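Colleague: One structure, as C-alpha cells, below. Some questions next.
Read-outs: derived from the displayed coordinates by stated rules, not from any lab. Nothing here was measured: the structure is a model prediction, and the numbers come from that model. Neighbour counts are summed over all protein chains in view; Cβ atoms, including those assigned to glycine, are modelled from backbone coordinates with ideal geometry.
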Amino acid sequence: MECATIKTGGGTAAGVLEQKPLIIILLGPPGAGKGTHAPALSQKLGLPHISTGDLFREHIREQSPLGQCAQDYINRGKLVPDDLVLAMLFERLQKNDCQRGCILDGFPRTLPQANALNERLGNTAQFAALNLDTPDHLIIERIAGRIVCQGCKKPYHTTFNKPRNPGQCDDCSGILITRPDDQSSVVKQRLEVYRLETKPLIDYYAQQPGVLAQINGQNTKEQVLSDLLESIPSENKFSSK
Ligand code: AMP
C-alpha cells in the first residue's frame, strides 16, 4: 500500500498559560531506559508520557492504515518516515493533556524531526533534552532480556527486573511478550540507525543553551530517576500527587 502523509490541524501544544509548556525529550539508544523512566517522570511531574513507538504499536494492533504502513519499517529495525511520525505526534500534542507539556520518549529521532518540533512549538515551549548515556554492552544485555506488558506496556527484564509471576504483569496482569523488533538481528539494525540518525541530536540540543542534560544511564534505576528529576528546570517541579 502507499503510505500517504496524514493531514492534521495546525494547533500547537501551547495553551494560553503564564508558564511555557515543558517538553521533556528523553534521548538515548534503544534499551537506555527511556520507557522505564518516562512513566515515573510522568507521575512525578503530572505530564503525559508520549512514546511514538507505543503509538505505532497501537496503530499496528488496530491495523489502521498508519499501522499497516509503519509495521514493515518497525519490524526491519528501520525508522518510520518523518512525515508519518510528525503527523501522528503533532496530532497527539494537540490533545488537552499536553497543555502544560509532555514527556517525549522516542521522539525526535532525526534532525528533521527535531527541527520540525522546534518550528512547530518555537518560542511557545520550554525544552529539556535528557540524554541517558548508556554503553553498548549494557544496552545489548538489557534488550536481550526485555519483556513488555501487552496491556499497559510496562517493561520488565528476565534477569534484572522480573515480574512477580512469570509471564504476567504485576500492575495489570497483562501478558508479557518480547517485542518482535527486540530480536537480536533487528536490534543490530536499530543500534546502527541510532548511531547514524539519532545520536547527532545530542550535539543539536547541546548547541541550545540550557537544554541538554547528560544522565549516567549505568546507575541504579532509583539514581537515574533522581538525576533525571534533578536536571529538570526547577520552576517545573510541580507534582501531580
Ligand atoms: P521504540 O518503541 O521507541 O523503540 O520504537 C520502536 C520503533 O518504532 C522504532 O524502531 C521505529 O521503527 C519506530 N519509531 C518510533 N519512534 C520513531 C520516530 N520518532 N521516528 C521514526 N520511527 C520511529
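Colleague: Mind grabbing the base-10 log of I(q)/I(0) for the range 166-241 at q = 0.12, 0.22, 0.24, 0.25 Å⁻¹? Debye formula, identical points on the C-alpha positions, no solvent, two decimal places.
Modeller: -0.64, -1.08, -1.08, -1.09
Colleague: Something else now. Could you work out the equivalent-ellipsoid semi-axes for the chain, taking the square root of 5 times each eigenvalue of the Cα gyration tensor, largest first, in whole Å?
Modeller: Here the semi-axes work out to 26, 22, 18 Å.
Colleague: If you don't mind, there's one more thing I want to ask. Run lengths n ≥ 4 of DSSP H only: what is the helix-derived mean residue ellipticity at 222 nm for the chain, with -39500 (n - 2.57) per run over all residues, to the nearest 500?
Modeller: The per-residue figure over the chain is -11500 deg cm²/dmol.
Colleague: Round to a whole angstrom and tell me the spacing of the C-alpha centers of the range 51-105 and the range 176-235.
Modeller: Using only Cα atoms, the two centres lie 18 Å from each other.
Colleague: Within 10 Å of each candidate Cβ there may be at most 11 other Cβ atoms; applying that plus a DSSP loop requirement, which trypsin sites (Lys or Arg not before Pro) in the range 120-187 survive?
Modeller: Arg164
Colleague: With both bridge residues required to lie in the chain, what share of the DSSP beta bridges run antiparallel, to the nearest 5%?
Modeller: Of all bridge pairs located within the chain, approximately 25 percent are antiparallel.
Colleague: Specify the residue with the greatest mean-square fluctuation among Cys69, Cys152, Cys102, computed from a Gaussian network of the chain linking alpha-carbon atoms under 10 Å apart.
Modeller: Maximum among the listed residues: Cys152.
Colleague: Here's something else I'd like to know. Can you tell which of Pro200, Pro166, Pro112 shows the greatest fluctuation in a Gaussian network model of the chain with Cα springs below 10 Å?
Modeller: Between Pro200, Pro166, Pro112, it is Pro166 that shows the largest mean-square fluctuation.
Colleague: Hey, another quick one. How high is the FRET efficiency between Lys188 and Asn118 when r is their beta carbon distance and R₀ equals 30 Å, given to the nearest 0.05?
Modeller: 0.45
Colleague: Take the alpha carbon atoms of the range 141-205, find their radius of gyration, then divide it by 2.2 N^0.38 Å using N residues; give the quotient.
Modeller: In units of the globular-protein estimate, the range 141-205 measures up at 1.34.
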